[in-house]
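Notes for the one structure printed next.
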Amino acid sequence: MKIYSLLLLLVFSLGCAKAQVDLTSDKWQQDLRFLQETVHEDYSFLFKKVTADAFDKEVEQLHNEIPNLAEHEIIVGFARIIALFKYGHTAMGLSGWYDRAPIRFHQAPFNLYQYRDGIYVQGVHQDYSKALGAKVLRVEGMEVELALKAIRPVVPAENDQFFKAFGINYLGTPEILHAQGITKSLNRTVSLTLEANGQTFDVTFQPIANPDGFPGQYSHIQQKGEWLDARDNSQTPHYLKNLERIYYYEYLPQQKAVYVRHSQIQDDPEEAIPAFYERVFEFIEQNDVERLILDVRLNGGGNNYKNKPIVTGVIRSSKINQPGNFFVITGRRTFSACQNLVNELSNYTEAIFVGEPTAENINFYGDNRRVTLPNSGIPVRLSFAWWQDKPQWENGPWTPPHLAVEMSFEEYKNNRDPVLEAALEFNDSDFIINPMAHLTQLFTEGKIEALQSEAVRLVKDPRYRFFPFESQFNQAGYNLLGNGQIQPATFVFQLNTKLFPESANAWDSLAEVHWKAGQKDKAITYYRKAIELDPEGSVGDNAREMLKKMKEEGR
């Protein structure tokens, strides 16, 4: 049975207590060695996104630095080590209340959210009402984009969506800001440079006194007591309704649609999942319903054994399980057991996914065990269960939506939900559910000009902005190359460089096909292009290695 989602590991306590473990450097180094040995002996299978050598190199660097680091810098260093695995369930709790961690970092009393048009203060304590709804320009004087880049190594982010959902508020933690070089000294405040109503201004936030008073829920601060929400609270959009319940449904008669918001893969205390979905599908069968919209954009997981009634209910419904009749809304919190649900709906139903990509890899390491560092007592969670719902060649950093829709701040503020609107208004007459199948058919039929123009059109269409065109073209090229079809493969790789001229990987692949075709001069040119675009990355390293091999072959 899948362990309940451990996203709370990533939620910082809002208390004012000092992070204090009070160990000697030797004790901290012993904890680090213990962690290193535990990973190698019991969790070596986690070396998928980071190599064992790279992990050990980072451990040695931190080990050598520990005598010269303050306690908070050491703790953040441990978090960076764990984040190397890039699995959200493999994490180090930096809160003072979760997992009985003996540390507690400070947290400024605001909640940031990244909308389509920037990062805004979505919620805040009333003492800082001036900041509410303002756009964030800088953090402690650093451009916000650079600040996000600086804190990224501390977050065990599966992908960019995970970071948007669970990493962004690390910007409110002074200990992390200092450890990651955003501030020169450790502060107990956080200053943001904000923009609102054409004015730019700074707000300096103090930590709040009550760690239990933060009314955050599903990445949003709810307007309650001393806490403010930038949204007009005179109304509530469907995805934020009835949040005291894990799931609810509502009939939208004008669109002949049933809307379900399901925000955890757990039984609601008032009604278990099987009973709830029995009611939903009974209503669908007995009423004038043409569409079902399942909204899991807030769903961070739970117990994936509870997904079955949802999936089988859709499969059994001839009304719903048809193209254009079943929509699943995903987003940056769609994670863990809910990724399993997304995978199952993708495999077995006619679901059309709308919104943002999920926060979880398609196949991933999930369930974890607590490992307590012997001297500091700090808990670390290490994943042990590999969940593979799709074949390895269909794995990816996330499940992208068929139809990409992101919310702007003004839409949030005014209770507009463009994602739900897109699902309700969907018309497949001008939308292609499977772009690569469409392009492959044009290629197979020899309609090359149509293929090229369609490829350009689709890549530029924002509705497909999360579709992995580059990697899909690259894979198609290698499939052709593997079958000995060098000329068709060359065409596909060339098209990829035209569509994505700044991609080092596209140029590296084009170089390889020319090398195998015996056109070494062109291969050298394209490998050099790949190095130019990725001088310090893995693609550039591969290109240099290929050029070295070509030179050796020419001797």
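Within the range 520-536, take every residue that is under 28 Å from the mean Cα position of the chain (by Cα) and either of a type in the set (A, V, I, L, M, F, W, C) or surrounded by 15 or more Cβ atoms within 10 Å (Cβ to Cβ) (or both) and give me the one that is nearest to Ala476 (Cα to Cα). Here the residue is Ala530. From the list Pro379, Pro374, Pro397, the lone residue that is out of contact with any strand residue (DSSP E or B) (no Cβ under 9 Å at 6 or more places or on another chain) and either free of Cβ contacts under 8 Å to residues at least 40 places away in the same chain or crowded, with 18+ Cβ neighbours inside 10 Å (or both) is Pro397.
Can you find, within the range 39-71, the residue that is farthest from Glu158 (Cα to Cα) among those that are among the polar types (S, T, N, Q) and under 27 Å from the mean Cα position of the chain (by Cα)? Break it down stepwise before answering.
Let us first name the residues in the range 39-71 that are among the polar types (S, T, N, Q), namely 44, 51, 61, 64, 68.
Next, from what is left, pick out any that are under 27 Å from the mean Cα position of the chain (by Cα): 44, 51.
Details: Ser44: 18, Thr51: 16 Å.
Looking at the filtered set, the residue picked out is Ser44.
Cβ-Cβ under 9 Å, sequence separation 6+ or interchain: first residue in the range 50-77 and without any contact (Cβ under 8 Å) to a residue 24 or more places away in the chain and under 25 Å from Tyr365 (Cβ atoms), partner hydrophobic (A, V, I, L, M, F, W, C) and part of a helix (DSSP H, G or I). Which pairs? From residues that are without any contact (Cβ under 8 Å) to a residue 24 or more places away in the chain and under 25 Å from Tyr365 (Cβ atoms), the pairs are Ala52/Val39. Take Glu282 and tell me if it is over 27 Å from the mean Cα position of the chain (by Cα), without any contact (Cβ under 8 Å) to a residue 60 or more places away in the chain, in a helix (DSSP H, G or I) and within 24 Å of Val311 (Cβ to Cβ). Against the criterion (over 27 Å from the mean Cα position of the chain (by Cα), without any contact (Cβ under 8 Å) to a residue 60 or more places away in the chain, in a helix (DSSP H, G or I) and within 24 Å of Val311 (Cβ to Cβ)), Glu282 qualifies. A count restricted to the range 161-212 and to residues that are within 24 Å of the chain's Cα centre (by Cα) and assigned to a helix (DSSP H, G or I) stands at 16. Considering Asp295, Asp268, Asp288, which residue is surrounded by 20 or more Cβ atoms within 10 Å (Cβ to Cβ), out of contact with any Cys (no Cβ under 6 Å at 6 or more places or on another chain) and among the acidic types (Asp, Glu)? Matching residue, one of Asp295, Asp268, Asp288: Asp295.
Taking the criterion of being among the hydroxyl-bearing types (Ser, Thr, Tyr), closer than 26 Å to Gly331 by Cβ and either modelled with pLDDT under 90 or crowded, with 16+ Cβ neighbours inside 10 Å (or both), the residues of the range 187-240 that qualify are Tyr218, Ser219, Tyr239.
Evaluated against (1) under 19 Å from the mean Cα position of the chain (by Cα); (2) closer than 17 Å to Tyr87 by Cβ, Pro379 falls short on exactly one condition, (1).
Table: residues versus (1) farther than 17 Å from Met436 by Cβ; (2) surrounded by fewer than 16 Cβ atoms within 10 Å (Cβ to Cβ); (3) in the same structural domain as Ala404 (by TED's automatic domain parsing).
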| site | (1), (2), (3) |
| --- | --- |
| Ala476 | no, no, no |
| Leu480 | no, no, no |
| Glu502 | yes, yes, no |
| Glu512 | yes, no, no |
| Gly518 | yes, yes, no |
| Ser538 | yes, yes, no |
| Asp541 | yes, yes, no |
| Glu545 | yes, yes, no |
| Lys549 | yes, yes, no |
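Residue pairs whose Cβ atoms lie under 8 Å apart, sitting 6 or more positions apart in sequence or on different chains, and linking a residue in the range 306-329 that is over 12 Å from Ala423 (Cα atoms) to a partner that is basic (Lys, Arg), are Ile320/Arg291.
Selection of the range 452-465 for residues being touching a residue at least 24 places away in the same chain (Cβ under 8 Å) and not small (Gly, Ala, Ser) yields Gln452, Val456, Leu458, Val459, Pro462, Arg463, Tyr464, Arg465. Of everything in the range 330-353 that is of a type in the set (A, V, I, L, M) and more than 15 Å from the chain's Cα centre (by Cα), the residue that is surrounded by the fewest Cβ atoms within 10 Å (Cβ to Cβ) is Ile352. Scanning the range 128-147 for residues being in contact (Cβ under 8 Å) with a residue 24 or more places away in the chain and outside any loop (DSSP other than H, G, I, E, B) gives a total of 12. Among the residues of the range 228-260, those that are among the hydrophobic types (A, V, I, L, M, F, W, C), over 19 Å from Asn111 (Cβ atoms) and out of contact with any Ser or Thr (no Cβ under 7 Å at 6 or more places or on another chain) comprise Leu252, Ala257, Val258, Val260. Taking the range 343-397, which residues are of a type in the set (Gly, Ala, Ser), within 21 Å of Phe45 (Cβ to Cβ) and either modelled with pLDDT under 95 or part of a loop (DSSP other than H, G, I, E, B) (or both)? Correct list: Gly366, Ala385, Gly396.
Here Ala450 fits the description: in contact with a helix residue (DSSP H, G or I) (Cβ under 6 Å, 6 or more places away or on another chain) and surrounded by fewer than 17 Cβ atoms within 10 Å (Cβ to Cβ).
Of (1) under 12 Å from Met436 (Cβ atoms); (2) part of a helix (DSSP H, G or I), Phe467 satisfies all except one. Which? Here Phe467 meets the rest and fails (2). If you go through the range 250-265 and keep only what is among the aromatic types (Phe, Trp, Tyr) and either at pLDDT below 95 or crowded, with 20+ Cβ neighbours inside 10 Å (or both), you end up with just Tyr259.
Quick grid of which residues meet (1) closer than 30 Å to Gly396 by Cα; (2) surrounded by 19 or more Cβ atoms within 10 Å (Cβ to Cβ); (3) at pLDDT 95 or above:
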residue: Tyr120; (1), (2), (3): yes, yes, yes
residue: Val124; (1), (2), (3): no, yes, yes
residue: Val144; (1), (2), (3): yes, yes, yes
residue: Asn169; (1), (2), (3): yes, yes, no
residue: Thr173; (1), (2), (3): no, yes, no
residue: Leu177; (1), (2), (3): no, yes, yes
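The values are calculated or read from the model by the stated rules, or taken from the named source; none is laboratory data. Everything numeric here is computed off the predicted structure, so don't read it as measured data. Note that we place each Cβ from the backbone using ideal geometry, even for glycine, and neighbour counts take in every protein chain shown.
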